[in-house]
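To start, the structure under review is shown below, and the notes come after it.
The values are calculated or read from the model by the stated rules, or taken from the named source; none is laboratory data. A quick note: this is a predicted structure, and the numbers were derived from the prediction, not measured. Here Cβ is always computed from backbone atoms with ideal geometry, including for glycine, and neighbour counts include all displayed protein chains.
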Amino acid sequence: MATATHNGKFYEVKNLRELRAALGITRNPSRTQRSHRAEATVYAIDCSGSMLGAMEGKRKIDVAVQALEDLIAYKQQTWS
């Protein structure tokens, strides 16, 4: 997905600290601030075995992948 977007980058995160670092958010005792201005899209995708079940005649994971691909295409057309 990252390669399909303009200057896209992929960061796998496993906890809130890693998510904050990936988004460039630093903690300051007086306030929370971003290190730079950028757009970020966070996808939380269920990859459990339940996603192999049926939905709309397809596997749930295939429906989710199609929805994400459609969203990326929309963002490319809108903001590229």
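In this structure, is Leu71 surrounded by 12 or more Cβ atoms within 10 Å (Cβ to Cβ), at pLDDT 85 or above and not acidic (Asp, Glu)? Yes; evaluated as a whole, the condition is true for this residue. Starting from residues that are of a type in the set (Gly, Ala, Ser) and either assigned to a loop (DSSP other than H, G, I, E, B) or in contact with a helix residue (DSSP H, G or I) (Cβ under 9 Å, 6 or more places away or on another chain) (or both), keep the ones in region 1-46 and report whichever is modelled with the lowest pLDDT. Result: Ser35. Pairs are defined by a Cβ separation below 7 Å, a sequence spacing of at least 6 or placement on different chains, a first member in region 61-80 that is closer than 14 Å to Asp46 by Cα, and a second member that is outside any helix (DSSP H, G or I); the pairs so defined are Val63/Met55; Val63/Glu56; Ala64/Ile45; Leu68/Met1; Leu68/Tyr43. Evaluation of Arg59 against the conditions (1) modelled with pLDDT of 90 or more; (2) under 18 Å from the mean Cα position of the chain (by Cα); (3) surrounded by 12 or more Cβ atoms within 10 Å (Cβ to Cβ) shows that the sole unmet condition is (2).
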